[in-house]
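Below is one structure, written out as structure tokens; comments come after it.
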Amino acid sequence: MSMKYTAKDQRPKTAVIYTRVSTDDQADHGFSLPDQEDLLRRECARKGIQILEHFQDEGYSAKNFKRPAFQELINYLKRHKKQVQYLFVTKWCRFSRELQIRF
């Protein structure tokens, strides 16, 4: 049996990554921004996924989406929705306390 692949199937897998800490203590003793980024980059490399962009917020709570890099991320996804296949975060709490967002 022969499988046929389309050009779409052969595109490289692509992703954007998002990292965030809300407090200095969290950054120093919790899951630091470099630790989060390293974990995400290693996971993407392991899965053969190309990282297109990295967005990072430092010192912003996940209570709302009023974070500079998060807003840049949303705008990037709107502009590049056909190129981005995945969004990676280390934990959902890095992304948001509420998962109600629309693109």
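The values are calculated or read from the model by the stated rules, or taken from the named source; none is laboratory data. The structure displayed is predicted, hence computed values, not measured ones. Backbone-built Cβ (ideal geometry, glycine too); neighbour counts: all protein chains shown. Remember, those area values only see protein heavy atoms, side chains included, never the ligands or the DNA or RNA. Shrake-Rupley method; radii C 1.70, N 1.55, O 1.52, S 1.80 Å.
Label separation (Lys78 vs Lys47): 2.6 nm, computed from points 7 Å beyond Cα along the C-beta direction. Taking 7 Å steps out from each Cα toward its Cβ at Lys91 and Ser61 produces label points 1.7 nm apart. In order along the stretch 71-76, the phi-based Karplus estimate (6.51 cos²θ - 1.76 cosθ + 1.60, θ = phi - 60°) of 3J(HN,Hα) comes to 5, 4, 4, 4, 4, 4 Hz; Gly and Pro are listed as x. 3J(HN,Hα) along the stretch 37-47: 4, 4, 4, 5, 5, 5, 5, 5, 4, 4, 8 Hz, from the Karplus curve 6.51 cos²θ - 1.76 cosθ + 1.60 with θ = phi - 60°, whole Hz, x for Gly and Pro. When Thr90, Thr19 are compared by accessible surface with a 1.4 Å probe, the order from highest to lowest is Thr90, Thr19.
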